[in-house]
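Working notes, beginning with the structure itself.
The values are calculated or read from the model by the stated rules, or taken from the named source; none is laboratory data. Note that the coordinates shown come from a computational prediction; the quantities given were computed from them, not determined experimentally. Cβ placement follows ideal geometry from the backbone for every residue including glycine, while neighbour counts extend to all protein chains displayed.
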Amino acid sequence: MPATFNYTFDAPCPYKGTTSFNTGIFIDGKFHDGSEKKTIEVFNPSNGKKITDISEGTPADVDTAVAAAHRAFQTSWGLKVPGSERGRLLLRLADLIEKNAEELAAIEALDNGKAYSIALDFDVAQSAAVIRYYGGWADKIQGKTIEVDETKFAYTLHEPIGVVGQIIPWNFPLYMLSWKLGPALATGNTIVLKTSEFTPLSALRVCALINEAGFPPGVVNILSGYGATVGAAIANHMHIEKVAFTGSTLVGRSILKAAANSNLKKATLELGGKSPNIIFDDANLDDAVKWTAFGIMFNHGQCCCAGSRVFVQERIYDKFISAFSAHIKTLKVGNPMDPDTFQGPQVSQIQYDRIMGYIKSGKEEGAKILTGGERHGSEGYFIQPTVFTDVKPDMKIVKEEIFGPVVVIQKFKDEDDIIHMANDTFYGLAAAVFSRDISRALTVANRLQAGTVWVNCYNKLHPQVPFGGYKQSGIGRELGEYALANYTNIKSVQINLAAPAP
Ligand code: NAD
């Protein structure tokens with residue numbers, strides 16, 4: 001039997017309680033060992049030490065989970081359960097997440113390294129909000145009646161797809177889980193979900209909450225495991241009818257290929273970005289500086305929509321970079337459990353090395369470091385918030401997603417100039433415009449190739465507002481009403497009232 005993980009949090013963590021949860025793979029409402037009885041080590045990014053071992057899922061476990069999800073879909077979910085009941089369970093799950101908010105925030109801080117206070121106010125609060133929002137949708141999944149002619153009419157049904165596969169990354173373990181569970185369950189699908197091998201712990205705690213909320217066994221199955229085994233088995237599975245993936249563009253490409261090569265399952269992809277953040281010379285400088293810092297440094301720069309390319313209009317460039325550099329230095333980097341911390345460690349040694357590699361390449365290619373550029377402290381995976389100026393468009397740090405606390409700042413002249421620079425990327429996830437001139441801000445917003453454009457703010461996400469990418473940042477939209485379409489098949493029923501037989 002898989003072990004139980006017990007842990008007591010103490011100072012400086014504001015949550016001074018315990019957590020206790022099973023470390024197995026969660027199939028059919030119960031925890032199991034993986035079929036090969038292997039485990040994965042989970043590390044604390046603040047000090048690099050092992051936290052615990054968890055069961056490693058395998059492709060055989062994916063088969064078992066799919067069978068359980070299929071049974072549940074046929075007998076205790078899907079069209080067997082009215083939307084009002086699915087909604088009631090989702091609302092209970094949202095309440096339970098809120099009830100255990102401090103514990104979940106502490107788990108995220110321990111496992112992912114994100115700041116406890118931010119995990120509490122953002123990750124956990126928003127996860128509950130997303131689940132609650134979709135709980136509200138569950139009994140409002142409706143088709144249309146369509147007029148044809150006086151001898152016929154037609155109507156549409158929005159039916160659940162069946163067993164859906166979902167694969168999530170490590171940067172927002174709980175929040176990404178909520179984006180996947182909410183719309184899939186509201187529309188009546190059953191789920192086989194893989195967490196990231198780097199951050200599996202909060203989802204394991206949520207498995208117990210899923211049972212406590214009363215979801216029938218097999219409706220949600222959650223496996224820890226590696227991408228090349230469990231992830232690939234989900235993407236290639238012949239009895240999974242839809243896959244929803246959030247992660248890198250590189251892996252997203254392989255998911256789409258696997259979907260095509262197996263059963264042509266439907267695929268939605270939420271991928272990477274290199275998002276432009278544009279500051280016009282009439283912007284409120286103080287606000288723009290603060291939002292811009294938040295836009296890139298939030299979650300230690302490990303945000304798909306991070307504003308990692310900042311463009312400042314010539315006239316205010318010098319003023320902006322001096323205020324920005326001063327503000328960046330006020331962001332507290334340190335122990336994620338400390339309530340004042342803004343930035344904790346990067347998630348893993350691999351990510352630490354990757355980001356430091358980009359910083360090295362920026363230095364070697366001749367970019368100037370305005371601030372940061374080094375390791376922070378002597379243990380764990382902490383990196384100083386780093387700002388590069390004097391960059392050239394073909395530098396790696398300008399073109400590639402770094403996924404760390406590293407930003408490049410460039411100058412621009414006018415609207416045409418900035419549209420060209422901002423859109424000069426194969427990504428298209430997000431963008432922002434800062435200006436007091438609303439007509440200029442909206443004209444630029446309309447010309448940007450991005451799935452989200454923020455005006456005079458950054459990184460604001462709401463359950464009601466769709467999110468997703470243009471170009472190579474993804475396919476489909478999550479959040480909002482739009483996400484429901486990812487999880488339903490539309491059936492047209494045509495009825496003959498009086499048309500004569502041919
Ligand atoms: P990743 O692509 O390495 O991994 C994402 C998930 O895919 C993990 O669970 C991983 O185990 C799994 N995986 C890896 N290889 C696989 C394979 N061959 N087949 C199936 N699954 C596989 O990404 P990551 O490093 O975990 O996350 C960072 C990336 O995610 C960044 O590029 C970021 O921009 C992106 N992201 C996008 C969004 C969005 O909404 N657009 C949100 C969060 C993160």
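Below is a table of values for the structure above.
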| quantity | calculated |
| --- | --- |
| Candidates 499, 483 - the one that is modelled with pLDDT under 95, over 25 Å from residue 352 (Cα atoms) and touching a Lys or Arg at 6+ places or on another chain (Cβ under 7 Å) | 499 |
| Cβ-Cβ under 9 Å pairs, at least 6 apart or on other chains, the stretch 95-113 side closer than 12 Å to residue 208 by Cβ, far side modelled with pLDDT of 95 or more and of a type in the set (Asp, Glu) | 96/212; 104/123 |
| Residues (surrounded by fewer than 24 Cβ atoms within 10 Å (Cβ to Cβ), within 13 Å of the chain's Cα centre (by Cα) and polar (S, T, N, Q)) located in the stretch 106-127 | 126 |
| Residue within the stretch 64-80 that is crowded, with 21+ Cβ neighbours inside 10 Å and assigned to a loop (DSSP other than H, G, I, E, B) present | yes |
| Residue in the stretch 392-402 that is away from the ligand (no atom under 14 Å from the Cβ), basic (Lys, Arg), without any contact (Cβ under 8 Å) to a residue 12 or more places away in the chain and part of a loop (DSSP other than H, G, I, E, B) present | no |
| Condition check for residue 228: of a type in the set (Gly, Ala, Ser), more than 10 Å from the ligand (Cβ to nearest atom) and assigned by TED's automatic domain parsing to the domain that holds residue 44 | no |
| Residue 199 vs. criteria touching a helix residue (DSSP H, G or I) at 6+ places or on another chain (Cβ under 6 Å), surrounded by fewer than 21 Cβ atoms within 10 Å (Cβ to Cβ) and within 30 Å of residue 294 (Cβ to Cβ) | no |
| Top-ranked residue of the stretch 438-479 - restricted to ones that are in a loop (DSSP other than H, G, I, E, B) and of a type in the set (Lys, Arg), ranked as nearest to the ligand (Cβ to nearest atom) | 477 |
| Residue check, residue 40 farther than 14 Å from residue 222 by Cα and touching a strand residue (DSSP E or B) at 6+ places or on another chain (Cβ under 6 Å) | yes |
| Candidates 221, 189, 171, filtered to the one that is modelled with pLDDT of 95 or more, within 16 Å of the ligand (Cβ to nearest atom) and within 27 Å of residue 491 (Cβ to Cβ) | 221 |
| Options 380, 373; residue that is more than 23 Å from the chain's Cα centre (by Cα), part of a loop (DSSP other than H, G, I, E, B) and more than 16 Å from residue 296 (Cα to Cα) | 380 |
| Unique residue being touching a helix residue (DSSP H, G or I) at 6+ places or on another chain (Cβ under 9 Å), in the same structural domain as residue 179 (by TED's automatic domain parsing), outside any strand (DSSP E or B) and loosely packed, with under 14 Cβ neighbours inside 10 Å when the list is 46, 35, 84 | 84 |
